[in-house]
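**Q** This is the structure, below, for whatever I ask next.
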Amino acid sequence: MKKKYAVICVGGQSNAVGYDESVITKNYREQFHTERLWQLGFYGEDNLKIIPLLECAQNFQDMRPYGNPDNEREGLGTKGIHLPLGEQLLELVSMDTDILVLPCAYGGTGFLEGEEGIYDPKTKKPSPGILRWGVNSPYYLSLKDRLKYVLDLKEDSRFLAMVWIQGESDHACGIRHMELFQEMAEDFLAYFQKHYPKRAYGKWDRNLWYNVETTAYWYDIGDCEKIWNGYKKFHPSTYVAIPRSTDTNKENGTGMTAKVREAHFGNNAFWHVIAPLVAEKIKDVRGHIRDKEEAAKS
């Protein structure tokens with residue numbers, strides 16, 4: 001059976017990277033259909049190769065050194081939304097379609113916080129470190145080029161969703177953050193609508209962009225609440241609300257990723273809470289793609 005990909009991108013900062021410090025159990029990977037879950041590699045010789053999606057996605061930020069000391073081996077890193085979200089979305093697509101994830105996130109980044117950095121178009125990588133997001137950002141250029149790259153690999157692959165988890169670092173100026181975010185998001189949608197008009201599930205519009213809430217900790221800090229209100233206003237039908245009671249690294253965390261453990265989702269929250277909520281929202285917007293494709297064939 002010829003395989004194609006439904007492509008999702010997970011972008012933003014630390015909660016998009018996935019800082020879940022809880023132990024990766026020996027059977028964790030067995031909970032998922034990993035034979036149908038893939039990512040675009042980023043590290044070393046994996047760069048620009050389609051490789052299996054594992055517990056810790058290959059993000060702009062390398063989390064392998066921050067794994068729980070009680071993991072079965074070193075280098076497993078931390079857990080994020082990528083693997084459980086991919087699993088949730090498999091039921092949406094036809095059996096000849098696998099899920100391909102583009103991890104594009106780095107902790108501590110914002111539209112106002114971070115260095116300018118540089119971009120390498122050959123490797124399609126941003127320079128290391130905390131950089132700024134924006135229409136001219138190395139992060140954004142990398143995200144765009146990597147998406148173009150995977151769409152060009154298979155002409156029948158299509159883009160399913162942008163999952164955006166960000167905003168905390170710009171809590172000092174929420175209004176400006178939202179202006180720059182909207183500029184970048186609209187540029188993304190307009191660019192791909194122009195150059196890849198038939199390569200998405202639906203149109204390249206705001207129905208492809210899913211803004212996801214952060215942990216309860218951030219809502220009492222600066223303009224964070226204004227930022228997420230802005231994200232909700234950007235497109236209410238794709239906004240993903242997360243219960244304030246959702247577990248963080250306060251439960252079974254190590255403190256290796258950040259001193260404030262409540263700042264990041266943990267204790268398998270991505271698996272049990274966040275990924276199901278994001279997937280349900282995507283299903284609400286897109287419907288069951290598998291049914292539509294099978295109906296079209298009949």
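The values are calculated or read from the model by the stated rules, or taken from the named source; none is laboratory data. Because the structure is predicted, anything quoted here is derived from the model rather than measured. Quick reminder, even Gly has a Cβ in these numbers, built from the backbone with ideal geometry, and neighbours come from all protein chains shown.
**Q** With respect to Ile51, is the statement that it is within 29 Å of Gly255 (Cα to Cα) and without any contact (Cβ under 8 Å) to a residue 60 or more places away in the chain true? Break it down stepwise before answering.
**A** Numbers: within 29 Å of Gly255 (Cα to Cα): no; without any contact (Cβ under 8 Å) to a residue 60 or more places away in the chain: yes.
No: the conditions fail for Ile51.
**Q** Do you know which residues across the range 114-133 are over 21 Å from the mean Cα position of the chain (by Cα) and not in a loop (DSSP other than H, G, I, E, B)?
**A** Glu115, Asp120
**Q** Give the residue that is surrounded by the most Cβ atoms within 10 Å (Cβ to Cβ), with candidates limited to residues of the range 231-251 that are of a type in the set (A, V, I, L, M) and in a loop (DSSP other than H, G, I, E, B). It would help to see each step written out before you state the result.
**A** At the first step, the residues of the range 231-251 found to be of a type in the set (A, V, I, L, M) are 240-242.
Adding the requirement that they be in a loop (DSSP other than H, G, I, E, B) leaves 241-242.
Working: Ala241: 12, Ile242: 20.
Selected residue: Ile242.
**Q** Pull up the range 134-171, narrow it to residues that are hydrophobic (A, V, I, L, M, F, W, C) and not in a helix (DSSP H, G or I), then point me to the one that is surrounded by the fewest Cβ atoms within 10 Å (Cβ to Cβ). Give the steps one after another, and end with the answer.
**A** Start the filter on the range 134-171 by keeping residues that are hydrophobic (A, V, I, L, M, F, W, C), which leaves 135, 141, 143, 147, 150-151, 153, 159-165.
From the residues that got through so far, the ones that are not in a helix (DSSP H, G or I) too are 135, 159-165.
Working: Val135: 16, Phe159: 23, Leu160: 24, Ala161: 25, Met162: 24, Val163: 28, Trp164: 26, Ile165: 28.
Per the stated criteria, the residue is Val135.
**Q** Further, regarding this structure: Would you please list the contacts, defined by Cβ atoms under 8 Å and residues six or more apart or on different chains, that run from a residue in the range 1-18 that is over 15 Å from Pro103 (Cβ atoms) and modelled with pLDDT under 95 to a residue that is hydrophobic (A, V, I, L, M, F, W, C) and not in a helix (DSSP H, G or I)?
**A** Every condition considered, the pairs that remain are Met1/Met95.
**Q** Hey, another quick one. Cβ-Cβ below 8 Å, separation at least six or inter-chain, first residue in the range 173-187 and more than 20 Å from Glu225 (Cβ to Cβ), second small (Gly, Ala, Ser) and at pLDDT 95 or above: which pairs?
**A** Close Cβ pairs (under 8 Å, with a partner that is small (Gly, Ala, Ser) and at pLDDT 95 or above) amount to Glu183/Gly134; Met184/Gly134; Met184/Ser137.
**Q** Among the listed residues Leu92, Leu76, which satisfies the condition of being closer than 19 Å to Arg158 by Cα and either in a loop (DSSP other than H, G, I, E, B) or at pLDDT below 95 (or both)? Steps first, please.
**A** Values: Leu76 fails: closer than 19 Å to Arg158 by Cα.
Exactly one residue qualifies, and that residue is Leu92.
**Q** If you don't mind, there's one more thing I want to ask. Phe42 is checked against (1) out of contact with any helix residue (DSSP H, G or I) (no Cβ under 7 Å at 6 or more places or on another chain); (2) part of a loop (DSSP other than H, G, I, E, B); (3) farther than 18 Å from Val150 by Cβ and fails just one. What number does that condition carry?
**A** So the condition that Phe42 fails would be (3).
**Q** Among the residues of the range 105-120 satisfying the criterion of being over 17 Å from Gln166 (Cα atoms) and in contact with a helix residue (DSSP H, G or I) (Cβ under 7 Å, 6 or more places away or on another chain), which is surrounded by the most Cβ atoms within 10 Å (Cβ to Cβ)?
**A** The extreme case among them is Tyr119.
**Q** Every residue in the range 259-298 that is over 23 Å from Tyr239 (Cβ atoms), modelled with pLDDT of 95 or more and assigned to a helix (DSSP H, G or I), please.
**A** The answer is Arg261, and nothing else.
**Q** Another one. When you go through Asp70, Asp46, Asp62 one by one, which is the residue that is under 27 Å from Gly114 (Cα atoms) and surrounded by fewer than 14 Cβ atoms within 10 Å (Cβ to Cβ)? Outline the logic, then answer.
**A** Details: Asp70 fails: under 27 Å from Gly114 (Cα atoms); Asp62 fails: surrounded by fewer than 14 Cβ atoms within 10 Å (Cβ to Cβ).
Exactly one residue qualifies, and that residue is Asp46.
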